[in-house]
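Right, one structure below, let's go through it.
Where a number appears in this text, it was derived from the coordinates with a stated rule and is not lab data. For clarity, every value in this text was computed on a predicted model and none was experimentally measured. Every residue, glycine among them, receives a Cβ derived from its backbone with ideal geometry; neighbour counts consider all protein chains shown.
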Amino acid sequence: MSSSDRQFRATLVQPKWSVSDFLTAQRFRAWMGGQLERARPHLHPAHPNLVVLTELNGLPLVLRGGWIAAATGKFEWAAGLLFVHHLPAALPLMLREKVSPIRALQLARADESAALYLNVCQSLAREYRVYLVSGSTPMPNYRLKGGTLRRHGPDLYNQTVILAPDGSLIGAASKVYLTPDEEAGGVDLSPGMLTGLRVFPTPVGDLGVAISLDAFRPEVIAWLEARGCTVLLQPDANGSPWTGKEGLYPAGQTPRDQPLAWLESSWQITATSRQIRYAVNPMVVGNLLDLSFDGQSAITGPAAEGLEPCSYVMTESRPGFLALMPWVLAGGGPEALRAAGQQRKAGSGHALENTYLTGVLHADLRLLASVIAVPEPSEHEQALAAYLEGSARFAAPPLGQYMAGWWPLVLAGMLLWGLRTLLKRRR
């Protein structure tokens, strides 16, 4: 390789999340900042640094201020209480835009949540001087109208943003293939368009994003390969016990152990692709209300650059892992490993419930100089870039948003006033 080739370090964080990290803006900043602080000792002192965070790390922001909702311990109950709490803002959206209550709730808070998420991620990219892949968060598409960001349509995407060390926007990407928990029966997100995925040339690789399930879809990988991707980014939040059976599999087939199925994403891509040389797959762990998340984060690449042969639990060792997070239990047979996963999931009541491993991984990577062009930014990216540059702002919240939490008291006051007036007239 010549002196113009790229040498850089990729770092990922496997965090453990908790409802309490999302109840206030300050706690969210602390949770996100804590991840970058844990990554700090792993950053390269001379070469550019790429830091990749986990999928849907902004989704629980909908709980912000919902202390009672969080105390229910169940996602569906919390969502119902939050909808009632934000009824003056959410109900008109639900009726006008013909969306579900959970979509209306998220849209009612979308601007406020997006601003917080972008502000936090930008400040961390700047403070730590890293190329930051934010993870992902539910976000609508925006358009610029004058100096204001306006939501464009009722869609809500599982979207990541990529930021440069100066805090400027490199690009955004939305997940194309959603899991059942992300669809109408769950948090009700919208699928992105395959044609909306681009590859972004940077000093830390020609970056392509395949959020979670997208990395298992050959058409997504082929699309990114054709556009010059050399480093695949796979932010993930696997919502089930790691040592259980895979949740998504073709009809008529027997489900496999989940770690075995997981080999068909990042590891298989870098083992077989002629274009994609490296993949970075951070996974969040922890029980969030009654939902469980677990996995083994990894960085994969050429076998010659990797560790001694190793692999996920319940699978045979193989070359190609440049860095691999251990699971909570290394030895034991399949049944013992499955039992260990069940003991840790939400609601197990076991002494080991919610005891997952967290940590940081890094690997030093090298690539030939980029030969692809910077893609033309979408209208949505132009809007986000203007906000991050400080030349645009989000629209003022609707009046209904200011009434959140207060409207039952206002309604009760109006009823009492009406009753008092009625009684006076009868005297």
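For Lys345, the lysines whose Cα falls under 17 Å of its own Cα, not counting residues fewer than eight places away in the same chain, are Lys16, Lys74, Lys245. Ordering 231-244, 168-181 by mean Cβ neighbour count within 10 Å, with the highest value first, yields 231-244, 168-181. Counting every C-alpha pair in the stretch 294-377, the share spaced more than 20 angstrom apart comes to 51%. Across the stretch 312-323, computed HN-Hα scalar couplings (Karplus, 6.51 cos²θ - 1.76 cosθ + 1.60, θ = phi - 60°) run 4, 4, 6, 9, 7, 4, 7, x, x, 8, 7, 7 Hz from first to last residue, x flagging Gly and Pro. Charging the Cβ of each Asp and Glu at -1 and of each Lys and Arg at +1, and nothing else, the dipole of the chain about its Cα centre rounds to 1880 debye. Across all Cα pairs in the stretch 1-132, the calculated P(r) in 5 Å bins from zero up to the longest distance comes to 2, 10, 17, 17, 15, 12, 9, 7, 5, 3, 2, 1, 0 percent per bin. Normalising by residue count, the chain has a Cα convex hull of 167 Å³ per residue. Of the complete DSSP H runs in the chain, those spanning 20 angstrom or more by Cα along the long axis with a mean Kyte-Doolittle score not below 0.5 are 407-426.
Here's the list of lysines a cross-link from Lys145 could span, going by alpha-carbon distance under 25 Å and ignoring same-chain residues fewer than 8 apart: Lys98. Among Ser265, Gly247, Val313, flag the residue with its Cα farthest along the positive direction of the charge dipole of the stretch 245-318, charges on Cβ as +1 for Lys/Arg and -1 for Asp/Glu. My answer, from the dipole projection, is Ser265. Whole-percent P(r), the stretch 133-200, all Cα pairs, 5 Å bins from 0: 4, 16, 21, 25, 20, 10, 4, 1. Most tightly packed first, judged by the mean number of other beta-carbon atoms within 10 Å of their residues, the peptides 300-310, 100-110, 49-59 read 49-59, 100-110, 300-310. 3J(HN,Hα) along the stretch 156-170, derived from phi through the Karplus expression 6.51 cos²θ - 1.76 cosθ + 1.60 where θ = phi - 60°, amounts to 9, 10, 7, 10, 10, 10, 10, 10, 7, x, 8, x, 7, 7, 8 Hz, with x in place of Gly and Pro. Among Val120, Val374, the order by Cβ neighbours within 10 angstrom, fewest to most, reads Val374, Val120.
Taking the number of Cβ atoms within 10 Å of each Cβ as an exposure proxy, the fewest-first ranking of Ser292, Ser311 is Ser311, Ser292. Along the stretch 244-256 the Karplus relation, 6.51 cos²θ - 1.76 cosθ + 1.60 evaluated at θ = phi - 60°, assigns HN-Hα couplings of x, 8, 4, x, 10, 7, x, 4, x, 9, 7, x, 9 Hz to successive residues, with x for each Gly and Pro.
Residues whose amide H comes within less than 5 Å of that of Leu322, counting only those at least five positions distant or on another chain, are Ile299, Thr300, Gly301, Leu307 (H built at 1.01 Å from N in the peptide plane). Figure legend: label point modelled 7 angstrom from the Cα of Arg40 along Cα→Cβ; residues of the stretch 358-401 with amide N under 19 Å from it are 359-362.
Modelled label positions at Ala226 and Glu379, each set 7 Å beyond Cα in the direction of Cβ, lie 2.5 nm from each other.
Taking a ≥ b ≥ c as the square roots of the Cα gyration tensor eigenvalues, the stretch 241-288 comes out oblate, since a/c reaches at least 1.5 and a/b does not exceed b/c.
The modelled label-to-label distance between Ser100 and Lys245, using points 7 Å beyond Cα along the C-beta direction, is 2.5 nm.
A protection proxy built from the mean count of other Cβ atoms within 10 Å ranks the segments 34-47, 198-211, 261-274, most packed first, as 198-211, 261-274, 34-47.
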